[in-house]
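To start, the structure itself, in structure tokens.
The values are calculated or read from the model by the stated rules, or taken from the named source; none is laboratory data. All of these numbers come straight from a predicted model, not from anything done at the bench. Neighbour counts are summed over all protein chains in view; Cβ atoms, including those assigned to glycine, are modelled from backbone coordinates with ideal geometry. Accessible surface is based on the protein model in full, side chains and every heavy atom, while ligands, DNA and RNA are left aside. Shrake-Rupley method; radii C 1.70, N 1.55, O 1.52, S 1.80 Å.
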Amino acid sequence: APARAGTTVVTVVPGESLWSVAEQVNPAVDPRVTIGAVRDLNGLGGTSVVESGTQLMVPVFARGG
């Protein structure tokens, strides 16, 4: 797994998914890695559905990780 460099808070906008959030925050990391960490950090369980306006803590992974 890539090294975590910190976290950021993302507010979900209409039409956004966990996949798109993962790609925006960590474009060089497999989105599935970021999504798993987002689920853990935010207590989402196995869901991939997030509502517009939801604030998510998202891990930021070190580049090249």
Contact list, first residue from the range 16-32 and more than 16 Å from residue 50 (Cα to Cα), second anywhere and open to solvent by 40 Å² or more (accessible area, probe 1.4 Å) and of a type outside the set (Val, Ile, Thr), beta-carbon distance below 8 Å, six or more apart or interchain, is 28/63; 28/64; 28/65; 29/65
Checking the structure you have, find out if any residue of the range 21-41 is of a type in the set (Gly, Ala, Ser) and farther than 14 Å from residue 4 by Cβ.
no
Looking at the structure I just gave you, is residue 58 β-branched (Val, Ile, Thr), under 15 Å from residue 5 (Cα atoms) and out of contact with any Phe, Trp or Tyr (no Cβ under 8 Å at 6 or more places or on another chain)?
yes
Hey, does the range 20-34 have a residue that's of a type in the set (Val, Ile, Thr) and loosely packed, with under 14 Cβ neighbours inside 10 Å?
no
